[in-house]
1. Output the residue which, of all residues in region A:17-37 that are buried (at least 20 other Cβ atoms within 10 Å of the Cβ) and within 16 Å of ligand 2 (Cβ to nearest atom), is nearest to A:LYS157 (Cα to Cα).
2. Only one of A:ARG117, A:ARG145, A:ARG104 is open to solvent by 30 Å² or more (accessible area, probe 1.4 Å) and within 14 Å of chain B (Cβ to nearest Cβ). Can you tell me which?
3. Within region A:38-50, take every residue that is touching a helix residue (DSSP H, G or I) at 6+ places or on another chain (Cβ under 9 Å) and open to solvent by 30 Å² or more (accessible area, probe 1.4 Å) and give me the one that is farthest from ligand 2 (Cβ to nearest atom).
4. When residues of region A:46-70 are filtered for being over 16 Å from the mean Cα position of the chain (by Cα) and at the interface with chain B (Cβ under 9 Å from one of its Cβ atoms), how many remain?
5. Does A:PHE84 qualify as being within 16 Å of ligand 1 (Cβ to nearest atom), closer than 25 Å to A:LEU210 by Cβ, open to solvent by less than 30 Å² (accessible area, probe 1.4 Å) and hydrophobic (A, V, I, L, M, F, W, C)?
6. I need the full set of residues from region A:18-45 which are under 25 Å from B:LEU136 (Cβ atoms) and near ligand 1 (Cβ under 10 Å from one of its atoms), in order please.
7. Looking at (1) within 14 Å of another protein chain (Cβ to nearest Cβ); (2) outside any helix (DSSP H, G or I), find the lone condition where B:THR83 falls short.
8. Do any residues in region B:221-250 that are under 26 Å from B:GLY203 (Cα atoms) have Cβ atoms under 6 Å from those of residues that are open to solvent by 30 Å² or more (accessible area, probe 1.4 Å) and not basic (Lys, Arg), where the two are at least six apart or on different chains, and which pairs are they?
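The values are calculated or read from the model by the stated rules, or taken from the named source; none is laboratory data. This is a predicted model, so every value here is computed, not measured. Backbone-built Cβ (ideal geometry, glycine too); neighbour counts: all protein chains shown. These accessible areas exclude ligands, DNA and RNA; they are computed on the full protein's heavy atoms, side chains included. Shrake-Rupley method; radii C 1.70, N 1.55, O 1.52, S 1.80 Å.
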Amino acid sequence: MIEIRDLWKRFENKDVLKGINLTIEDGKTTVILGPSGQGKTVLLKNIVGLIKPERGSILVDGEDITKVSRRRLFELRKKFAFVFQGGALFDFLTVRENIALFLRMHTKMKEEEIEKRVKEALKVVGLSGTEELYPEELSGGMKKRVAIARAIVSSPKYILYDEPTTGLDRTNAKAVNNLINRLKEKYGVTSVVVTHDIECMETVADKVALLKEGKMFFVGKKEEVEEKYLDYLYKLEESYGI
Amino acid sequence: MAKQSFIISLGNRGINFFVSIYEAAVLFVQTLLQLPRIYFYRRQVIEQFYSLTVSTLPVTSLIAIFIGLGSTVQGTYQTSALTPRYFTANVIFKSTIIELTPIVLSLVLAGKIGGSLAAEIGSMKVSEQIDALETLSLDPVGFLVMPRVLAGTVMLPVMTIFANFLAIFSSFLMSTAILHWISPGEYVSGMKMGFKAFELYFGNFIKPSIFGFIIAFSGSFFGLRTKGGAKGVGISSTTSVVVSAVLIVILDYFLGELLL
Ligand SMILES: Nc1ncnc2c1ncn2[C@@H]1O[C@H](COP(=O)(O)OP(=O)(O)OP(=O)(O)O)[C@@H](O)[C@H]1O
Ligand SMILES: [Mg+2]
């Protein structure tokens, strides 16, 4: 379980997060919806300690990740996988090397075992046979899926997705949404999905949090969002010029 | 008004300068602290030694040959007919291996390695690959900076020694086989004249390793500081090259003053 308590973050003179409260329950998918530039990425990066907040705490299974030593932070991060907005694949490594990196660096696994895991992960995301390619040879949708393969290979407890469907066509977006659901059902992964894509929210969410002006102004079920906050959803899409 | 904002901007620049120095010092300490992790990051270290050698060998060879030729032509042209020939050979030999090769090679490699390092790390920064390393529990300083700085510091002397051999060889051939202004025996005795081991050591080990450190460190430092998209990457790359080139020229003077 991840408990975010009264989280504040400011950049220069601008408060981006102004007291975020949110509980992320194990085995469920929590979707955070919010307009562009309102701090969705910043919030997600706080959860894995990439950004330090001014105030507040983030308890990861009871341990406050905002206050641990760097060494402990590196240990705690092994519970997480982060799927970045643009994939953030290492462009000097092939698909195989990208996915294998965590296992090569942090485990004593034999090459054959690593190769097996890489193949498995690629199969899950439907990209078998792309091992030798470099990121620049992949389409946007493929990059996202390789990023997901890189995320699942370490068997993380939590996967954080930053806009997993942004920039993808409908087919690819659907594939990614289904993947998020499959990982939950098959491996019991706890996911946090940050997005402004309403269809994505509808497909994957067990719980929805609406972000506005640095605060969560609603946390609850998606059915309730669709009933009460249609206005908000329209404005959301407008903020991205959809 | 204009005057006031000029002073304020000057003040800001001053503050930024000291902040940068502080940040560089922090990165330096972080790099040192990652050195004991060399076994953990061994693949990255080996990779950097390899890629540094492969990417710089052609340009190093090319400029080494022409440094040899250039210094020979200049040396013979500038010395009068009255000076003994082996003395001219001695001047060419020493000035080439102690001064000319180390500094020219370092400046060229500052452009080549430093620029591409800053661009490489900078583009990783703006595309969140540095953050991705962190989330995979890999330290960007250990994974990227330490191997590059180590490779730069160790490999620049190796490249300099290699370049010096080539430069002297090309000078020797030019002098004895093409220009015929000196006999091979005389050239060799010129090389041996006033031979000091420390000078060789200074020109081929101390200086190049300091320059190599500066090149790789400044490339990494400006790369990690990159902000904004492709434009930011370009700025980092240019800044890194200019800063390391200026530092090399300045340090070349001070090191010479201090140690010789
Ligand atoms: N490192 C930083 N330094 C300064 N300001 C930052 C930094 N990171 C984010 N910001 C600011 O914080 C605000 C929120 O940024 P964030 O990237 O979290 O938005 P977002 O909700 O993810 O938007 P989008 O959907 O467009 O990705 C923005 O105004 C941004 O300019
Ligand atoms: Mg974002």
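1. At the first step, the residues of region A:17-37 found to be buried (at least 20 other Cβ atoms within 10 Å of the Cβ) are A:17, A:20, A:22, A:24, A:29-34.
With within 16 Å of ligand 2 (Cβ to nearest atom) added as a condition, the list becomes A:17, A:20, A:31-34.
Details: A:LEU17: 25, A:ILE20: 22, A:VAL31: 17, A:ILE32: 18, A:LEU33: 22, A:GLY34: 24 Å.
So, considering only residues that are buried (at least 20 other Cβ atoms within 10 Å of the Cβ) and within 16 Å of ligand 2 (Cβ to nearest atom), the one nearest to A:LYS157 (Cα to Cα) is A:VAL31.
2. The unique qualifying residue is A:ARG104.
3. A:LEU50
4. Residues that pass the stated criteria total 1.
5. Yes, satisfied.
6. A:ILE32, A:GLY39, A:LYS40, A:THR41, A:VAL42, A:LEU43, A:LEU44, A:LYS45
7. (1)
8. B:SER240/B:PHE222; B:VAL241/B:GLY111; B:ALA245/B:LEU107
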